[in-house]
Amino acid sequence: MIKPLSSTIVTTILLAALPPLIHSTPSAEVAGKYYLKSIHGTYLRSYENEGKWIVDLAPHSMQCEQWHIEESEGKVSLRSHCKQSFLLHEFLNENADGSVKMRHYRELWTPVKNNDGSWSFQV
């Protein structure tokens with residue numbers, strides 16, 4: 001579920017396809033490639049439109065709705081799968097007002113496992 005809170009992005013991650021594994025940290029457990037699905041059944045996506053990156057919710061799960069969750073020192077970064085180049089990637093970053101934007105630098109998020117098995121990410 002995605003709830004715009006001051007410094008929290010809450011997202012449900014579909015992990016059903018993963019085999020059960022033993023992980024030492026929450027960040028290692030959640031690392032991988034996923035679709036991020038909201039409680040409304042829509043998917044978080046990022047895409048480029050006329051030179052500007054857009055972050056919104058889509059009714060389908062295709063290439064631009066895929067995210068690479070990358071572990072780094074017990075936290076994670078959320079990298080867009082859409083329009084990658086060898087030298088340049090776009091990462092999800094939080095704005096001061098709690099909204100999100102794609103940027104070239106990685107912001108680290110803290111993964112928190114919810115009681116229902118879904119995951120939340122906090123800056």
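Under 19 Å between alpha carbons, and skipping anything fewer than 8 positions from K75 in its own chain: which aspartates and glutamates qualify?
Qualifying aspartates and glutamates at Cα under 19 Å: E29, E90, E94, E107.
So between A96 and A58, what do we pick up on full extension, going 0.36 nm a residue minus the alpha carbon distance? Walk me through the intermediate numbers first.
On the way: separation 38, 0.36 × 38 = 13.68 nm, distance 2.39 nm.
Here the segment from A96 to A58 would lengthen by 11.3 nm.
Full-extension gain between H104 and V123, please, as 0.36 nm times their residue separation minus the C-alpha to C-alpha distance. Can you show the working numbers first?
On the way: separation 19, 0.36 × 19 = 6.84 nm, distance 1.68 nm.
So the chain would gain 5.2 nm between H104 and V123.
Read-outs: derived from the displayed coordinates by stated rules, not from any lab. Everything numeric here is computed off the predicted structure, so don't read it as measured data.
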